[in-house]
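Have a look at the structure below, then the notes.
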Amino acid sequence: MQKIGIMGGTFDPIHYGHLVAAEEARWQFGLEKVIFIPAGHPPHKVSRKISEARHRLAMTRLAIESNPFFAASAIEIERPGLSYTINTVRDMRNTYPLTDIYFITGADAVLEILSWKHIDELLDQCCFIAAKRPGYRLGRLKTKLPGLRKEQLKRITVIEVPALAISSTDIRQRVQTGRPIKYLLPEAVEKYIREQGLYREN
Ligand code: NAP
């Protein structure tokens, strides 16, 4: 059966941690490709200001340019209303029937999935790959996600990604305070941030 990865995140901005996590997941799980899907209107971030979707999509496209196994999709950005992962997975299921779908995202986000919309259907339709930074003590998934059944927990795999020591929050703060961001993200993304004047204000 064909396997594809969906890389879900806000990507504000995308950085090497995300790229390494996606490549590691592709290799470990034998994924044919990984489709990066920047969140359009994240339901849990209605109070925090995030950069315009067009900027986050443009940076994502620039970042993945050199990897033939990576692609980007604007489906969440183009879909009106809040971005629920279940809608994205349903869309992907229609586009790629008879395919195993792996939803890759940060471990912190995965620990919140009990609050996500239609979680039973979601865990039925895709497996989760939760990327964590080294030293991050996740604890046992069984304890962290008590509402899930044993067979549902088996559909979540945690991978450790050293490059996830890099974080979007830190990059935004660095830009704001004039500290360097070189080597934390692809040069083309760094240039885009500079040219568009992103993250200069809080
Ligand atoms: P977040 O809460 O901003 O991020 C949580 C942590 O995970 C941060 O440390 C973040 O680091 C990291 N992270 C985020 N995406 C990652 C990725 N693809 N690979 C590795 N690390 C990642 O999470 P978010 O970006 O808003 O949401 C993550 C995904 O979950 C999105 O696709 C979102 O749509 C989905 N989601 C769905 C629902 C729902 O359906 N109800 C609710 C919440 C989230 P950085 O800040 O450095 O990225």
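What is the count of Lys pairs in the chain whose alpha carbons sit under 25 Å apart, if the two are 8 or more places apart or on different chains?
28
Using the beta-carbon distance between residue 32 and residue 191 and R0 = 35 Å, what value does 1/(1 + (r/R0)^6) give for FRET efficiency, to the nearest 0.05?
0.70
Given +1 on the Cβ of Lys and Arg, -1 on the Cβ of Asp and Glu, and no further charges, what dipole in debye does the chain carry about its Cα centre, rounded to the nearest 20?
Using Cβ point charges on Lys, Arg, Asp and Glu, the chain gives about 540 debye.
For the chain, the longest stretch holding no GluC sites (Glu not before Pro) located in a DSSP loop with at most 14 other Cβ atoms within 10 Å is which?
113-200
What's the angle, to the nearest 10 degrees (0 to 90), between helix 16-29's Cα axis and the longest principal axis of the chain?
In the chain, helix 16-29 runs at an angle near 30 degrees to the longest axis.
Trypsin sites (Lys or Arg not before Pro) within region 4-49: which are DSSP loop residues with at most 15 other Cβ atoms inside 10 Å?
Sites meeting the loop and neighbour criteria: 48, 49.
Can you give the alpha-carbon Rg of region 102-191 over 2.2 N^0.38 Å, where N counts its residues?
The value comes to 1.33.
I need the trypsin sites (Lys or Arg not before Pro) found in region 117-163, filtered to DSSP loop residues with at most 11 other beta carbons within 10 Å of theirs.
When the trypsin sites (Lys or Arg not before Pro) of region 117-163 are filtered for loop state and at most 11 Cβ neighbours within 10 Å, 137, 140, 149 remain.
Any idea of the accessible area per residue across region 2-166, 1.4 Å probe, to the nearest Å²?
Result: 49 Å² per residue.
By accessible area of protein heavy atoms, probe 1.4 Å, what ranking do 1, 59 get, highest first?
Order by accessible area, largest first: 1, 59.
Give me the percent of accessible area attributable to carbon and sulfur for region 2-166, probe 1.4 angstrom.
On region 2-166, the fraction of accessible area on carbon and sulfur atoms equals 53 percent.
Given the C-alpha centroids of region 125-185 and region 52-72, what is the distance between them in whole angstrom?
20
Testing the spin-label approximation: label points 7 Å from Cα along Cα→Cβ at residue 149 and residue 201. State their distance in nm.
It is 5.1 nm.
Helix 53-64 versus the longest principal axis of the chain: what is the Cα-based angle in degrees, 0 to 90, to the nearest 10?
In the chain, helix 53-64 runs at an angle near 80 degrees to the longest axis.
I'd like the Karplus ³J(HN,Hα) series for region 115-131: coefficients 6.51, -1.76, 1.60, θ = phi - 60°, whole numbers in Hz, and an x wherever there's a Gly or Pro.
Running phi through 6.51 cos²θ - 1.76 cosθ + 1.60 with θ = phi - 60° gives 8, 7, 5, 6, 5, 5, 5, 4, 6, 7, 8, 8, 9, 10, 10, 9, 8 Hz.
Any idea what diffusion coefficient region 2-166 gets from Stokes-Einstein, in µm²/s, Kirkwood Rh on alpha carbon pairs, 10 °C, 1.306 mPa s?
Value of D from the Cα-based Kirkwood radius: 99 µm²/s.
The values are calculated or read from the model by the stated rules, or taken from the named source; none is laboratory data. None of the values given here were measured: they were computed from a predicted structure. Heads up, the Cβs are rebuilt from the backbone with ideal geometry, glycines too, and the neighbour counts pull from every protein chain shown. Just so you know, the surface numbers come from the protein's heavy atoms only, side chains and all, with ligands and any DNA or RNA stripped out. Shrake-Rupley method; radii C 1.70, N 1.55, O 1.52, S 1.80 Å.
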